[in-house]
Amino acid sequence: NIPSIVALQNARTLIKNNEKIIVDGNQGIVIVNPSKDILEDYEVRQNIWGIEQQKLSKIKNIQCKTINNEKIELLANIEVPGDIESVKNNKAAGIGLFRTEFLFMNRKDLPNEDEQFEIYKSVARSMKEKTVVIRTLDSGADKLTSADTTISANPALGLRAIRLCLSEPQLFNIQLRAILRASRFGKIKILIPMLSSLTELRQTKLLIERAKKSLMNEKILFNKNIMVGGMIEVPAVAINAEIFAQELDFLSIGTNDLVQYTLAIDRTDDRVSHLYNSLHPAILKLINITIKAGRKYKKEVSICGEMAGDTKLTRLLLGMGLRYFSMHPSRILSVKKQVLNSNTQKLVSSSAKILKAKESENIRTLIQKLNQ
Ligand code: PEP
Ligand code: MG
């Protein structure tokens, strides 16, 4: 809840020290030396925001169900164990994405098995019976860590995430053993980032089996039935989601990367950020294919990219059949408010209509109608 804006060009030269500024994180604007009227206007907005937050806190303890009584799980994304406090404050149903890269960042060495084990264990323990989805190292491109030794010309397409882990089996084994060892202290699931082929998935599963065997030989306890899910963030995998759904225990759609790879827009390049469009008809189609594939093979499908926390999209996604949303903890109550006021049965036909729209502009208008 700290207002912030990124990728503002030349802000340091345009804003002088001690100048009064308004940081409007909702709209992505900074106002330098605001006039008295603007300042007053923003004071009113700040009060309204405060009142809305108070109202939202009232729905914290209500069960997350739609009007027609469908249970929806709102999970949280975390990056460091310290985020748990906010997960609990917002009453998340569990952790839908633990981005483990942050344990490898801002250091020269690699975290060893015991260090990782202690962290995963503490997160699992503090969430008690609730799900904790631990994503294996998604290093490279936008998340450079101590595991990256070289950077390619196209880092987003290079040796990153599961590709890096498969090429460094020792590094991967340390993390897998740490996750497995922690698995008996809570409801841990493993999530594989950036799969692009079935071969990668099968290789990963073999390495998980190998890590399990080594623990068994050492008589170390772990959950033998730990679930293994895959991130759907490469279009090739979304198109073939049915094939992956048969070999995975659950699917999690990483829309941040799915948009990047589908539209060929570098998510870290602000010169093309105006083209980064989650409402492109092709993106909605890929999400829909994945949700339907999960349904067909009775596998849970969640979205853990930013789209999950966007309240404008909650109804559309519910109408498409999504029942698991994982987002920044600060978004949970706003999305919950939408869920409590929605009837999934009534959303199905409007969502199907939106999926047929040819342009994002139409999609935007139809979504506005859906939210009225
Ligand atoms: C995603 O790509 O949508 C995602 C959740 O992963 P990250 O943002 O960490 O790449
Ligand atoms: Mg991603």
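The values are calculated or read from the model by the stated rules, or taken from the named source; none is laboratory data. All figures in this text were calculated on a predicted structure; none of them were measured in a lab. Quick reminder, even Gly has a Cβ in these numbers, built from the backbone with ideal geometry, and neighbours come from all protein chains shown.
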Can you tell me which residue among ALA178, ALA238, ALA211 is aliphatic (A, V, I, L, M) and in contact (Cβ under 8 Å) with a residue 60 or more places away in the chain? ALA178
How many residues are in contact with a helix residue (DSSP H, G or I) (Cβ under 6 Å, 6 or more places away or on another chain) and closer than 18 Å to PHE98 by Cα if we restrict to segment 154-172? 3
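Take segment 126-143 and flag every residue that is of a type in the set (Asp, Glu) and buried (at least 23 other Cβ atoms within 10 Å of the Cβ).
ASP138
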Taking only segment 1-32 into account, find how many residues are free of Cβ contacts under 8 Å to residues at least 12 places away in the same chain and over 35 Å from the mean Cα position of the chain (by Cα). 3
Can you tell me which residue within segment 144-163, out of those that are without any contact (Cβ under 8 Å) to a residue 12 or more places away in the chain and hydrophobic (A, V, I, L, M, F, W, C), is surrounded by the fewest Cβ atoms within 10 Å (Cβ to Cβ)? ALA153
For ASP41, are the conditions met, namely being surrounded by fewer than 10 Cβ atoms within 10 Å (Cβ to Cβ), modelled with pLDDT of 95 or more and farther than 21 Å from GLY309 by Cα? no
Which of the residues that make up segment 187-228 are in contact with a Lys or Arg (Cβ under 6 Å, 6 or more places away or on another chain) and of a type in the set (Gly, Ala, Ser)? ALA211
If I filter segment 164-190 down to residues being crowded, with 17+ Cβ neighbours inside 10 Å and of a type in the set (D, E, K, R), which single residue comes out as nearest to ligand 2 (Cβ to nearest atom)? LYS189
Considering only segment 276-331, state which residues are within 12 Å of THR255 (Cα to Cα), small (Gly, Ala, Ser) and part of a loop (DSSP other than H, G, I, E, B). SER278, GLY305
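I'm checking my understanding of the structure. Among residues of segment 272-327 that are among the polar types (S, T, N, Q) and touching a helix residue (DSSP H, G or I) at 6+ places or on another chain (Cβ under 7 Å), which one is nearest to ligand 1 (Cβ to nearest atom)?
As a first pass, look at segment 272-327 and keep what is among the polar types (S, T, N, Q): 273, 277-278, 288, 290, 302, 311, 314, 326.
Imposing the further condition that a residue be touching a helix residue (DSSP H, G or I) at 6+ places or on another chain (Cβ under 7 Å) reduces the set to 277-278, 288, 290, 311, 314, 326.
Working: ASN277: 15, SER278: 10, ASN288: 17, THR290: 12, THR311: 17, THR314: 17, SER326: 8 Å.
Among those residues, the one meeting the criterion is SER326.
With the condition being within 16 Å of ligand 1 (Cβ to nearest atom), I'd like the helices (runs of 4 or more DSSP H) fully within segment 172-266 carrying at least 1 qualifying residues.
Values: elements: 198-217, 235-239, 241-247, 255-263.
Passing ranges, in order: 235-239, 241-247, 255-263.
Looking at the structure I just gave you, is ILE162 within 16 Å of ligand 1 (Cβ to nearest atom), of a type outside the set (Gly, Ala, Ser), modelled with pLDDT of 95 or more and touching a Leu at 6+ places or on another chain (Cβ under 8 Å)? Full working, then the answer.
Values: within 16 Å of ligand 1 (Cβ to nearest atom): yes; of a type outside the set (Gly, Ala, Ser): yes; modelled with pLDDT of 95 or more: yes; touching a Leu at 6+ places or on another chain (Cβ under 8 Å): yes.
Spelling it out, ILE162 is indeed within 16 Å of ligand 1 (Cβ to nearest atom), of a type outside the set (Gly, Ala, Ser), modelled with pLDDT of 95 or more and touching a Leu at 6+ places or on another chain (Cβ under 8 Å).
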Are there any pairs, at least 6 apart or on different chains, whose C-beta atoms fall under 6 Å, with the first in segment 299-310 and in contact (Cβ under 8 Å) with a residue 24 or more places away in the chain and farther than 11 Å from LEU97 by Cβ and the second part of a helix (DSSP H, G or I) and within 11 Å of ligand 1 (Cβ to nearest atom), and if so, which? GLU306/ASN256; MET307/THR255
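When you go through VAL228, VAL237 one by one, which is the residue that is at pLDDT 95 or above, of a type outside the set (Phe, Trp, Tyr) and surrounded by 23 or more Cβ atoms within 10 Å (Cβ to Cβ)? Give the derivation first.
Working: VAL228 fails: surrounded by 23 or more Cβ atoms within 10 Å (Cβ to Cβ).
Within the list VAL228, VAL237, the selection yields VAL237.
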Contact list, first residue from segment 321-348 and among the hydrophobic types (A, V, I, L, M, F, W, C), second anywhere and within 16 Å of ligand 2 (Cβ to nearest atom) and in a helix (DSSP H, G or I), beta-carbon distance below 7 Å, six or more apart or interchain, is PHE325/ALA308; MET327/ALA308; MET327/GLY309; VAL335/GLY309
When segment 150-162 is checked residue by residue, the ones that are under 18 Å from THR268 (Cβ atoms) and either assigned to a helix (DSSP H, G or I) or touching a His at 6+ places or on another chain (Cβ under 9 Å) (or both) are PRO155, ALA156, LEU157, ALA161
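Quick one: is SER35 of a type in the set (Ser, Thr, Tyr) and in contact (Cβ under 8 Å) with a residue 12 or more places away in the chain?
Answer is no for this residue.
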